[in-house]
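First comes the structure, then the notes that go with it.
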Amino acid sequence: MFVAPDFQQLRARIAASGPEAVERALAKGRLELDDLAALLSPAAESSLAVMAQRSAQLTRQRFGNVIQLYAPLYLSSFCTNRCAYCGFSAGNAMPRRVLSFEEAEAEAMILHDRGFSHILLVSGEAPAKVGVEYLETVALRLRDKFAAIAIEVQPLETDEYARLFAAGITSVAVYQETYDRTVYDQVHLAGKKRDFDYRLATPERAATAGLREVGIGALLGLSDWRAEGLAMGHHLSYLRKAFWRTGLTVSFPRIRPAKGEFAPLMPVSERDLTQLIFALRLFDPDLGLYLSTREEARYRDGMLGLGPTRYSAGSCTVPGGYGDTAATGAQFEIGDQRSLDEVSEAIRAKGLDPVRKDWDAVFQQQDQGRRRAA
Amino acid sequence: MLTIAGKTFRSRLFTGTGKFSSPEVMQEALLASGSEMVTVALRRVDLANPADDIMRVLDRDHFFFLPNTAGARNAAEAVRLAKLAQASGGGNWVKLEVTPDPRTLLPDPVETLIATEELVKAGFVVLPYMNADPILALRLQDAGAAAVMPLGSPIGTNQGVLTRFQVAIIIEQARVPVVVDAGIGAPSHAAEAMEMGADAVLVNTAIAVAGDPVRMAQAFAKAVEAGREAYEAGLGARRTEAEASSPQGGLDFLRE
């Protein structure tokens with residue numbers, strides 16, 4: 001099982017990296033964790049342009065001139081956790097909603113008709129409203145209409161993941177939010193999510209269950225982003241070795257200073273975010289890297305081709321918000337309001353191909369006998 | 001002329017549709033390459049849909065489509081994908097790729113052999129992507145593979161024919177065509193494989209991510225032709241010492 005390194009030690013290791021360590025890391029083919037620490041350090045800030053070049057070249061070689069597109073589909077805003085930073089937090093007075101199966105399908109069909117083939121199902125943690133049974137039913141209803149269906153919901157057990165895999169779920173994203181235990185305890189005020197270690201072991205449970213792809217991430221703005229980056233490096237190294245069949249992805253959700261009510265505890269600038277993305281790309285050239293609509297169009301356009309490989313478009317973070325544009329109760333503010341076609345055009349303008357389908361439901365259509373045990 | 005499973009090809013350069021900056025660039029590059037055999041990832045295309053972004057720019061009268069099973073982790077998935085391709089009009093040819101490690105995309109020899117056996121039984125023309133293992137090449141050939149496709153180096157690495165020694169043994173032993181697939185990063189690599197006696201090479205990344213994919217496609221076409229011609233002309237053997245071009249061989253003492 002993955003054991004999170006001590007956060008303060010990670011910070012110390014990064015702080016100890018000087019310009020020589022940065023130079024060494026940039027001269028290397030395969031990077032080690034010490035090299036990642038150097039690239040995340042303040043000493044690497046003056047090398048950001050070199051890192052950008054290297055990151056762009058690695059991304060192009062490994063993924064080609066393409067960007068994969070997806071859209072989130074919010075199923076429910078109910079949540080039993082109280083998290084200081086989240087719009088869905090149990091304490092927040094807001095209209096809550098869980099989509100019926102018909103409503104979920106209707107929302108999905110809107111995305112389908114807009115041209116999406118990869119979707120991400122999202123919900124707060126409220127197992128009584130959105131449990132495995134619910135997710136399984138939604139997956140079975142949608143599997144024939146989409147090439148890939150990912151989930152970003154509460155942590156589940158291994159057998160539950162196996163059940164969802166059999167129902168057509170392709171990948172699982174679970175963000176640790178922060179690898180800093182002290183801050184983790186401060187911002188997770190109540191609910192199951194308070195259990196740091198259970199959450200940390202979630203990617204392993206999903207990989208054990210056979211999911212094609214597992215995504216990790218830190219909510220940027222909670223603690224020192226440099227140490228979060230190094231902690232993710234440790235986590236990724238562990239997962240690569242233990243689950244060599246599983247594809248790995250990283251997301252970079254950033255609490256943006258100007259938006260929302262929760263002020264970041266340790267603000268992360270665009271420049272910081274950029275350094276983090278390049279450092280992880282150089283550390284692991286095969287990572288799928290997400291850049292969501294949390295970020296503004298200007299930044300997302302600027303980063304095209306430099307490292308991230310997956311973009312969302314036309315996102316709405318309110319359950320039912322695609323069909324009912326007046327619906328309120330968003331999880332967070334969207335920074336890039338453009339439609340799928342507009343984002344696709346921006347991708348083409350950079351000489352990249354916006355790819356809508358790069359998977360197929362057939363991979364997971366198992367024999368009838370194994371399809372559903374219940 | 002190269003013949004695989006009764007079908008002949010004038011060009012010995014096989015190409016792929018991945019990683020291009022747009023369908024239009026891909027179309028132009030593939031036309032410039034002179035390639036007649038193009039592999040398409042089943043996970044990426046919708047074969048049944050003529051409006052699919054890849055399908056709409058590639059004329060199937062001009063290009064022979066070789067659907068591939070990229071993304072399959074085991075034999076069962078690969079077989080399922082191949083059958084799906086056939087059902088949606090993809091024909092009965094398949095480039096078999098079973099790559100359980102999403103990072104290196106190296107082929108699984110055990111599952112590849114199992115899938116080859118099953119697909120041959122089901123009537124497919126199977127071209128398996130494989131590591132450059134001579135015994136595996138023989139096993140796949142015995143299982144009914146129509147060609148074998150050993151890798152030059154891991155896919156997408158552009159490192160060239162690092163498996164040169166093994167590929168040479170495979171070429172020497174094979175009864176079926178040998179197509180060097182993966183890792184061909186420069187026209188010189190392609191020429192090298194062809195000079196060794198490979199029947200064809202498959203090139204995708206090196207063309208798709210080139211500064212000018214169309215000109216790179218032309219460069220590969222020339223290299224493949226040159227390499228093949230050199231092979232057919234009979235290359236002089238390589239030596240470790242210099243030798244006079246009018247040899248005496250130290251035998252000038254002989255009287256009769």
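Only the coordinates and a few stated rules stand behind these numbers; no lab work does. Quick caveat: nothing in here was measured; it's all calculated off a predicted structure. Glycine also receives a Cβ, built like all others from the backbone with ideal geometry; neighbour counts cover every protein chain displayed.
Need one value for B:12-25: mean number of C-beta atoms belonging to other chains within 10 Å of its residues' C-beta atoms. Walk me through the intermediate numbers first.
Working: counts 0, 0, 0, 0, 0, 0, 7, 8, 5, 11, 8, 1, 1, 3.
If you average over the peptide's residues, the count of other-chain Cβ atoms is 3.
Work out Dmax and Rg for the protein assembly as shown from the C-alpha atoms and quote the Rg first, both in angstrom.
Spelled out, the Cα radius of gyration and Dmax of the protein assembly as shown are 26.4, 111 Å.
May I ask you to sort B:D46, A:D159 by Cβ crowding, counting other Cβ atoms within 10 Å and putting the fewest first? Please report the intermediate quantities before stating the final value.
Numbers: B:D46 17, A:D159 13.
So the ranking, lowest neighbour count to highest, is A:D159, B:D46.
Taking only Cα atoms and a 10 Å spring cutoff, compute GNM fluctuations for chain B and point out the largest among B:D212, B:D181, B:D199.
Among B:D212, B:D181, B:D199, the largest GNM mean-square fluctuation belongs to B:D212.
Are there cysteines in chain A with no second cysteine's Cβ under 4.7 Å away, and if so, which?
Within chain A, the cysteines lacking a partner Cβ under 4.7 Å are A:C79, A:C316.
Rounded if a/c is under 1.5, else prolate if a/b beats b/c, else oblate: with a ≥ b ≥ c from the C-alpha gyration tensor eigenvalues square-rooted, which is chain A?
Numbers: a/c = 1.44, a/b = 1.34, b/c = 1.07.
Judged from the Cα gyration tensor, chain A comes out rounded (a/c under 1.5).
What 222 nm value per residue comes from the helices of chain B, counting each DSSP H run with n ≥ 4 as -39,500 (n - 2.57) and dividing by all residues, nearest 500 deg cm²/dmol?
Details: 8 runs with 90 residues, N = 256.
Computed ellipticity for chain B at 222 nm equals -10500 deg cm²/dmol.
Can you tally the net charge around B:L138? Count Lys and Arg as +1, Asp and Glu as -1, for every other residue whose Cβ sits under 13 Å from the Cβ of B:L138. Could the numbers behind the result be given before it?
Working: positive: B:R139, B:R175; negative: B:D133, B:D142, B:E172.
Net of charged neighbours comes to -1.
Hey, could you pull the Cα Rg and Dmax for region A:20-113, both in Å?
Rg, Dmax (Cα atoms, Å): 21.9, 59.
PRE reach from A:Y198 (point 7 Å along Cα→Cβ): which of region A:115-154 fall under 19 Å by backbone N?
Only A:123-135, A:152-154 pass the distance filter.
Find how many whole Å separate the alpha carbon centroid of region B:122-175 from the alpha carbon centroid of region A:11-62.
What the calculation gives is 38 Å, centre to centre.
Would you mind working out the magnitude of the charge dipole of the protein assembly as shown relative to its Cα centre, with +1 at each Lys and Arg C-beta and -1 at each Asp and Glu C-beta, to the nearest 20 Debye? Please report the intermediate quantities before stating the final value.
Details: 68 positive and 77 negative charges, 111 e Å.
Dipole about the Cα centre, nearest 20: 540 debye.
Kindly provide the helix-only [θ] at 222 nm of chain A, computed as the sum of -39,500 (n - 2.57) over DSSP H runs of four or more divided by all residues, to the nearest 500 deg cm²/dmol? Show your work: numbers first, answer last.
Working: 15 runs with 148 residues, N = 374.
About -11500 deg cm²/dmol.
Taking 30 Å as R0, compute the FRET efficiency from the Cβ-Cβ separation of A:T328 and A:Q186 and round it to 0.05.
Numbers: r = 29 Å, r/R0 = 0.96.
Result of the calculation: an efficiency of 0.55.
Run the numbers on region B:2-232 and let me know its relative contact order in percent, using alpha-carbon pairs under 8 Å that are six or more apart. Present the calculation step by step, with values, prior to reporting the outcome.
On the way: 511 pairs, mean separation 45.7, N = 231.
RCO, region B:2-232: 20 percent.
Quick one: compute the contact order of region A:1-89, relative version, from alpha carbon pairs under 8 angstrom and 6+ residues apart, as a percent. Before the final figure, lay out the partial values.
Working: 39 pairs, mean separation 17.2, N = 89.
About 19 percent, as a whole number.
Taking the 0 to 90 degree range and rounding to the nearest ten, how far is the long axis of helix A:270-283 tilted relative to the main principal axis of chain A, both from C-alpha atoms?
Helix A:270-283 sits at roughly 90 degrees to that axis.
For chain A, calculate the relative contact order in percent as a whole number, restricting contacts to Cα pairs under 8 Å that are 6 or more residues apart. Don't jump to the answer; show the numbers that get you there.
Details: 715 pairs, mean separation 91.7, N = 374.
For chain A, the relative contact order is 25 percent.
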